[in-house]
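*Asks:* Let me give you the structure first, and then I'll get to my questions.
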Amino acid sequence: MRNAALAFFLGLIPCSLHAQDKKSDWKALGLRSGEKIELVETGIKKHVGTFSTVTDEAIQMHEGSDEIAIPKENVARVTVLDKSHRGRNALILGAAGGGAGAAIGAAASRCSNSNTSFNLCGIGRGVAVGLGGLVGLAGGVGVGAAIPSHPTIYRAELAKPNTRH
């Protein structure tokens, strides 16, 4: 059981490292002309269109038939709207969750003379492995489908108040 918990927490390390990516560098947008993007202004107004150009002062994009330029200080977030990877994420995490669940089911069904509160000795090892695998598969698919699939490439830093306490 300790090994399963250790494996779970080690699996979270890439998630925490991904969450620490610095996305506030305006010059590192790395967009190509014609890429489909979603831009959210600080006033929560959303624009969806194709990227045109970026300067130190503004980003330009085509929204429908209009060419618009949004000043840098008004941009809260820029997200690339490429092909969604939710199905791929669900498949990968579903397989990992199914394997982990099956392993936990196998470990929990190992019978011994101890009288612990949690054991699955009475239902049989095959059923316990199958049940654990099914629960893990469902959980992995759910988490994989919930992971955002469109990468946010720019997020403005929050303004820090200048008041002293």
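*Asks:* Looking at G105, is it at pLDDT below 90 and under 30 Å from V135 (Cα atoms)?
*Replies:* yes
*Asks:* Go through the residues of segment 131-142 one by one and say whether even a single one is at pLDDT below 85 and surrounded by 12 or more Cβ atoms within 10 Å (Cβ to Cβ).
*Replies:* no
*Asks:* Which residue pairs have Cβ atoms under 6 Å apart, sit 6 or more places apart or on different chains, and have a first residue in segment 43-67 that is within 18 Å of L81 (Cβ to Cβ) and exposed (fewer than 15 other Cβ atoms within 10 Å of the Cβ) and a second that is at pLDDT 90 or above and among the aromatic types (F, W, Y)?
*Replies:* Pairs that qualify, where the first residue is within 18 Å of L81 (Cβ to Cβ) and exposed (fewer than 15 other Cβ atoms within 10 Å of the Cβ) and the partner is at pLDDT 90 or above and among the aromatic types (F, W, Y): there are none.
The values are calculated or read from the model by the stated rules, or taken from the named source; none is laboratory data. In this text the structure is predicted, and so the values were computed from the model without any measurement. As a convention, Cβ positions derive from the backbone with ideal geometry for all residues, glycine included, and neighbour counts pool all protein chains shown.
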